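The values are calculated or read from the model by the stated rules, or taken from the named source; none is laboratory data. For clarity, every value in this text was computed on a predicted model and none was experimentally measured. Neighbour counts run over all protein chains shown; Cβ positions are idealised from the backbone, glycine included.
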Amino acid sequence: MTPSEQQTFDCAPTLTDLQVLDFCRNGYLLLEGVVEDDVNQRVTDFLDTCDESEPSEILAEDWFVEAVLMNPVATGAVRSLLGANFHLPVLMSNHRIPCPRGAQQWHVDGNYNFTLELNNLQVFYLPQDTPVELAPTQLLPGSHLLHNKTRHMDHYGSLRGQISTKSPAGSIFLTAYHIWHRRGPGPGSGLRNLLKYFYWRTTPPCRDWIVDPGLDFATLNYACPIDRMLEQFQGHVKVAKLFLWLCGYGGAFQNLGGQSWPVPANRSGAPYGLPAELPVPEKE
């Protein structure tokens with residue numbers, strides 16, 4: 001069934017509380033080799049006959065929709081982060097480049113709306129093996145928590161903490177739209193295809209992924225990879241705010257400053273400022 005016939009999709013969520021929290025910290029999730037080899041080859045063949053930056057014609061191919069857009073591993077994660085009946089992609093982009101190629105400038109994609117909510121996911125799919133020689137995307141984990149403009153980033157070179165999305169064929173990675181990224185250097189030889197598309201939230205957030213009834217919001221580690229780039233403890237505050245929003249407790253979030261929750265500490269009791277609306281962990 002094509003996106004024009006069914007605009008939304010639902011499936012069982014596959015991420016746990018801690019995996020969702022990890023996404024809140026890092027802003028991305030890499031799923032290696034989840035698309036079958038025969039599909040990857042078929043996609044590559046299709047792109048060889050449709051050499052353009054927006055090959056949206058592939059969205060009309062049932063085999064592509066079922067194997068890639070509705071891939072069970074990828075959509076289980078998407079369902080966990082965007083909730084039930086998420087909107088399927090209606091536009092396909094291909095960042096197809098010949099290598100060798102130099103590194104791109106760091107940037108945040110256009111028309112982004114900086115927020116500590118997660119209403120969509122920008123998704124990348126690699127239909128061929130993409131080692132470092134073929135210029136895989138580089139990401140800065142946690143940078144979705146930084147509000148910055150591309151014109152203030154394009155002078156940066158390598159960044160401490162950056163990661164490469166070098167992956168085998170059939171890999172898919174999900175990202176928060178405003179994460180810092182760039183095409184890495186590609187000294188090798190050959191064509192690199194990189195399909196990019198979007199899923200959108202259609203329902204209010206709630207904690208309906210795989211829930212751990214013993215999860216204690218008071219003692220969770222809300223630290224993020226770019227704490228060094230923020231004011232002290234602001235990374236904890238931002239991660240906690242996003243996680244609570246995804247759990248459906250966005251209206252309950254509060255930051256009372258000082259030594260209050262969610263600042264990490266070895267406390268003798270419940271932290272001051274912990275929202276009363278949060279569930280109490282069940283004891284074993």
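Are any of the residues in the stretch 185-196 of a type in the set (S, T, Y), farther than 22 Å from L116 by Cα and touching a strand residue (DSSP E or B) at 6+ places or on another chain (Cβ under 7 Å)?
Yes.
Could you grab me the full set of residues in the stretch 250-273 that are closer than 26 Å to N119 by Cβ and among the aliphatic types (A, V, I, L, M)?
A252
Can you confirm whether L31 is surrounded by 14 or more Cβ atoms within 10 Å (Cβ to Cβ), touching a residue at least 24 places away in the same chain (Cβ under 8 Å), aliphatic (A, V, I, L, M) and in contact with a strand residue (DSSP E or B) (Cβ under 7 Å, 6 or more places away or on another chain)?
So L31 fits the description; yes.
Do you know which residues across the stretch 32-85 are of a type in the set (S, T, Y) and part of a loop (DSSP other than H, G, I, E, B)?
T49, S53
Picking from A12, A67, A84, which residue would you name as being under 22 Å from D129 (Cα atoms) and modelled with pLDDT of 95 or more?
A67
Do we find that S189 is within 16 Å of L31 (Cβ to Cβ), touching a residue at least 12 places away in the same chain (Cβ under 8 Å) and either crowded, with 20+ Cβ neighbours inside 10 Å or not basic (K, R) (or both) in this structure?
no
Can you confirm whether R160 is touching a helix residue (DSSP H, G or I) at 6+ places or on another chain (Cβ under 9 Å) and of a type outside the set (A, V, I, L, M, F, W, C)?
yes
What pairs come up if the first residue lies in the stretch 236-265 and is touching a residue at least 40 places away in the same chain (Cβ under 8 Å), the second is part of a loop (DSSP other than H, G, I, E, B) and of a type in the set (F, W, Y), and their beta carbons are under 7 Å apart, counting only those six or more places apart or on different chains?
V239/Y222; K241/F253; W261/Y272; P262/Y222
Can you find a residue that is touching a residue at least 24 places away in the same chain (Cβ under 8 Å), surrounded by 22 or more Cβ atoms within 10 Å (Cβ to Cβ) and more than 30 Å from D208 (Cβ to Cβ) anywhere in the stretch 107-129?
Yes.
In the stretch 147-166, what residues are touching a strand residue (DSSP E or B) at 6+ places or on another chain (Cβ under 8 Å) and surrounded by 14 or more Cβ atoms within 10 Å (Cβ to Cβ)?
T150, M153, Q162, I163, S164, T165, K166
Being aliphatic (A, V, I, L, M) and closer than 30 Å to A84 by Cβ is the filter; apply it to the stretch 240-275 and report the residue that is surrounded by the fewest Cβ atoms within 10 Å (Cβ to Cβ).
A252
How many residues are touching a strand residue (DSSP E or B) at 6+ places or on another chain (Cβ under 9 Å) and either farther than 24 Å from Y249 by Cα or among the aliphatic types (A, V, I, L, M) (or both) when one looks only at the stretch 98-121?
Matching residues across the stretch 98-121 total 13.
Residue by residue, here is whether (1) of a type in the set (D, E); (2) more than 19 Å from L139 (Cβ to Cβ) holds:
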residue: L18; (1), (2): no, yes
residue: C24; (1), (2): no, no
residue: L29; (1), (2): no, no
residue: E32; (1), (2): yes, no
residue: E36; (1), (2): yes, yes
residue: T44; (1), (2): no, yes
residue: E57; (1), (2): yes, yes
residue: D62; (1), (2): yes, yes
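Scan the stretch 226-239 for residues that are in a loop (DSSP other than H, G, I, E, B) and buried (at least 18 other Cβ atoms within 10 Å of the Cβ) and jot them down.
Selection gives I226, F233.
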